[in-house]
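Scroll down for the structure; my scribbles are underneath it.
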Amino acid sequence: MEDLGAVVWPPEPVRTGRLVLRASEIRDRAAFIELLASPEVHAYLGGPRPRDELEREMPGAPERWPGSFVVDLDGAMIGQILLRRATGHRRPAAAGKIDLGYLFLPRAWGFGYAAEACAAALGWLAGALPGEPVVLTTQSANAGSMRLAAKLGFTEVERFEAWGAEQWLGMRSPATSSG
Ligand SMILES: CC(C)(COP(=O)(O)OP(=O)(O)OC[C@H]1O[C@@H](n2cnc3c(N)ncnc32)[C@H](O)[C@@H]1OP(=O)(O)O)[C@@H](O)C(=O)NCCC(=O)NCCS
């Protein structure tokens, strides 16, 4: 995976009805550690990272790269959206395409924030890099993620076995993005 490269970054904050999407800042560090150390968040993502390792290694403003959005609710981070170039993806259908990922703190689940934020991020992407399809890989057992992918307009390309589980590869065409 690579960052988005030639986009204006940090971007103008993207505002939705309830949320702001922005580049990360020093004040987000504690929330990033909580996110990356959470067993619940990483139940379908190969497990969390040790908190002491994160405390030691995480830079002041974490994950500050083109395509990494902090999702902010009332001034506090509740999640991260990752838009990356899937170079070297193991499935040819996804290789080189833009890949969407999302991680939200468990206390923010179930309020529609993920759907609201991801739709806004995809809208931003359609402006920044027009005409590109977007892919998404998730474990098919991850019911919340599967539902979110469908809600965002991703449709199944294929299922495959990797990392000890069935994976779902979905794609969202540029036509969906502008529709
Ligand atoms: C996946 C995740 C972002 C969903 O967050 P969320 O806040 O529940 O999402 P939303 O509230 O926007 O819900 C989106 C849809 O998914 C549904 N949904 C959410 N969790 C669900 C679950 N466990 N089972 C079934 N449906 C679920 C919601 O009901 C909603 O559908 P609806 O509008 O038809 O009711 C969140 O659970 C998360 O961060 N998980 C850990 C990280 C992860 O697994 N990421 C996927 C890797 S790319």
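The set of residues from segment 56-71 being assigned to a strand (DSSP E or B) and surrounded by 21 or more Cβ atoms within 10 Å (Cβ to Cβ) comprises Phe69, Val70, Val71. Note on segment 77-101: residues that are open to solvent by less than 40 Å² (accessible area, probe 1.4 Å) and either modelled with pLDDT of 95 or more or closer than 22 Å to Asp28 by Cβ (or both) total 15. Selection of strands (runs of 3 or more DSSP E) fully inside segment 83-179 by the criterion of at least 2 residues being small (Gly, Ala, Ser) and either within 14 Å of the ligand (Cβ to nearest atom) or touching a residue at least 24 places away in the same chain (Cβ under 8 Å) (or both) returns 165-172.
Please state which one of Gly101, Gly144 is in contact with a Gly (Cβ under 9 Å, 6 or more places away or on another chain) and of a type in the set (Gly, Ala, Ser).
Numbers: Gly101 fails: in contact with a Gly (Cβ under 9 Å, 6 or more places away or on another chain).
Among Gly101, Gly144, only Gly144 is in contact with a Gly (Cβ under 9 Å, 6 or more places away or on another chain) and of a type in the set (Gly, Ala, Ser).
The set of residues from segment 10-55 being more than 14 Å from the ligand (Cβ to nearest atom), open to solvent by less than 80 Å² (accessible area, probe 1.4 Å) and assigned to a helix (DSSP H, G or I) comprises Asp28, Arg29, Ala30, Ile33, Glu53, Leu54.
Scanning segment 147-156 for residues that are closer than 11 Å to Trp168 by Cβ and open to solvent by 40 Å² or more (accessible area, probe 1.4 Å) gives Ala150, Thr155, Glu156.
The values are calculated or read from the model by the stated rules, or taken from the named source; none is laboratory data. Since this is a predicted model, take the numbers as computed values, not measurements. Note: ideal-geometry Cβ built from the backbone for every residue, glycine included; neighbour counts use all protein chains shown. Only protein heavy atoms, including side chains, enter the accessible area calculation; ligands, DNA and RNA are left aside. Shrake-Rupley method; radii C 1.70, N 1.55, O 1.52, S 1.80 Å.
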